[in-house]
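We did not get these values from a lab; they are worked out from the coordinates using the rules stated. Quantities reported herein were computed from a predicted structural model and do not represent experimental measurements. Counting neighbours? That spans all protein chains shown, and the Cβs are built from the backbone with ideal geometry, glycine included.
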Amino acid sequence: MERTKIFKLLECDSPLAQVLIKGWVRTRRDSKGFSFIEVNDGSSLKNIQVVVDEKLPHYTDIKKLTTGSAIAVSGSLVESKGGGQRWEIQAGDLQIIHLAPEDFPLQKKRHSDEFLRTISHLRPRTNKYGAAFRIRSEMAFGIHKFFRERGFRYLHSPILTGSDCEGAGELFQVTTLDLSNPPQKEGRADYEQDFFGKEANLTVSGQLSAEMFALALGDVYTFGPTFRAENSNTRRHAAEFWMVEPEMAFCDLDGNMDLGEALIRELTTYAMDVCTDDLELFARWVDKKLMATLENIAQSDYIRLPYREAVDILSQSGKNFEYPVGFGNDLQTEHERFLTEEHFKKPVIVFDYPKSIKPFYMRVNGDEQTVAAMDVLVPRIGEIIGGSQREERLEVLEARMDEMKMDKTPLWWYLDARRYGSVPHSGFGLGFERFLMMITGIRNIRDVIPFPRTPQNIEF
Ligand code: 4AD
Ligand code: MG
């Protein structure tokens, strides 16, 4: 007989004579003549109760079943006589696949997130992390669905690259040179002898590749891992994180903002539609205001605010910010949260940032001081999307690269795109983990990544 997932059984309308489930024991309770076992197979937040009659063979072994043990149960799905659940399984046969020792760390009590991080290999077996990672899976699917419905093509941009898209120098270097004794040339490591014949790193963004493909396929998106050696141990930075990066040909900054807003609103609605049970857990135990926040994010029209006006609002707020406010200073999390949580009380898209704090590829505005950048800010998280219209004018792009003292040679191909059929185009990057933090109310990025990588931490 084929195994049925528990979430399917819980959706049944009528009893079933024969079912087989396989999963892990959450709890066991004995009463006169029976043992009641709560089984979870990871397919849903809910367990199914298995009722074992003492007449079953190996009943003495079954009574020794510990939390965390793996079992297979066949029997019939019947209406539950006890309260709390509609269905239960009357076991006809129960096989112990593996008996876990008594020291299984996830006994029935609440554990701190910090402790659970030390057992990241087991935490998906808890209610909270099972829910978080089911939501992560559903949201990944939702992203593909969103773009596919709009005619975007999915691009696999390279993970290994020779370029630094953001120019922020937060690269993880990739090499096969012997680090204890690298070949030398002119006083430094000789990368000509390295695997690729030149310096290589892990990608910080798929954008530059996406631009090339947008100028060929029209609308594309990448969705994959990106890496940044930012040595900041914050709750919203990881060294390895996933980014969703759409790129649209024939599209200006307004169209870009429209897409960013639509993506967040639709995916939030999608989460509320398909992850109902799992989200309820977060609304109950993690953030009491979660559902109201999500409704607000799904239903509001987002404020569109030029950077200069954002600076005015912040300067006049009467708030004592830790970081300075003023034209030329980047917005910090505290500023972003003030704008979204206190001032406007909804998501805000800040655009036209000073050129001096943004990368080379952003389109220079008529004022020569600002670029056509936009960041989407949401309550509790701050920046969730960063994007821009790209500089499509070859001379302006080259001048900007010179101004920033960049070597244009390795980016010859990027400049080529401005030589042959250059068009206005735009795109952005959505931090997938920041999005998941927003959806679940989880406050630390380490808790929405299966095995988080942060400074001094690459266990598992
Ligand atoms: O604003 P960023 O740096 O933009 C880019 O990388 C552009 N090349 C994207 C594009 O236009 N195609 O990063 C985009 C988003 C941020 O808004 C944030 O949500 C997330 O990526 N992000 C991080 N998430 C987790 N950990 C980090 N260290 C992150 N750095 C950026
Ligand atoms: Mg950014």
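At a glance:
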item	result
log₁₀ of I(q)/I(0) at q = 0.09, 0.10, 0.17 Å⁻¹ - the stretch 324-460, Debye sum with one point per alpha carbon	-0.37, -0.45, -1.01
Residues Lys32 and Phe172, FRET efficiency given R0 of 56 Å [Cβ-Cβ distance, rounded to 0.05]	0.35
Förster radius 30 Å - calculated FRET efficiency between Lys408 and Ile357, Cβ distance, rounded to 0.05	0.90
Under 18 Å from Lys346, Cα to Cα: lysines that are on another chain or at least 8 residues apart	Lys288, Lys289
Computed lengthening from Arg380 to Ser76, 0.36 nm per intervening residue step minus Cα-Cα distance	104.8 nm
Relative contact order (percent, whole number), the chain, Cα cutoff 8 Å, 6+ residue spacing	13 percent
For the stretch 147-193 and the stretch 302-373, distance of Cα centres in Å	31 Å
When the convex hull of its Cα atoms is projected in every direction, mean area for the stretch 87-243 (nm²)	17.2 nm²
Relative pair counts by distance (%), Cα atoms of the stretch 1-85, 5 Å bins	3, 14, 27, 28, 20, 8, 1
Amide H within-cut-off set for Gly92, under 5 Å, with H built and near neighbours excluded	Ser74, Gly75, Ser76
Solvent-free Debye scattering, log10 I(q)/I(0), computed from the Cα coordinates of the chain at q = 0.06, 0.08, 0.11 Å⁻¹	-0.35, -0.59, -0.96
Given charges at beta-carbon only (K, R positive; D, E negative), |dipole| of the chain in Debye	1980 debye
Sum of side-chain charges, Arg308 neighbourhood, beta-carbon under 15 Å (Lys, Arg +1; Asp, Glu -1)	-4
Local electrostatic count at Asp178 - Lys and Arg +1, Asp and Glu -1, tallied over other residues with Cβ under 14 Å	-2
Cβ-Cβ FRET estimate between Val396 and Arg110, R0 fixed at 60 Å, reported to 0.05	0.60
Charge dipole of the stretch 120-192 about the Cα centre (unit charges at C-beta), most positive-ward option of Ser163, Phe152, Asn127	Asn127
For peptides 110-120, 331-341, sequence by mean Cβ density within 10 Å, most packed first	331-341, 110-120
Residues Trp242, Trp285 arranged by fewest to most Cβ contacts within 10 Å	Trp285, Trp242
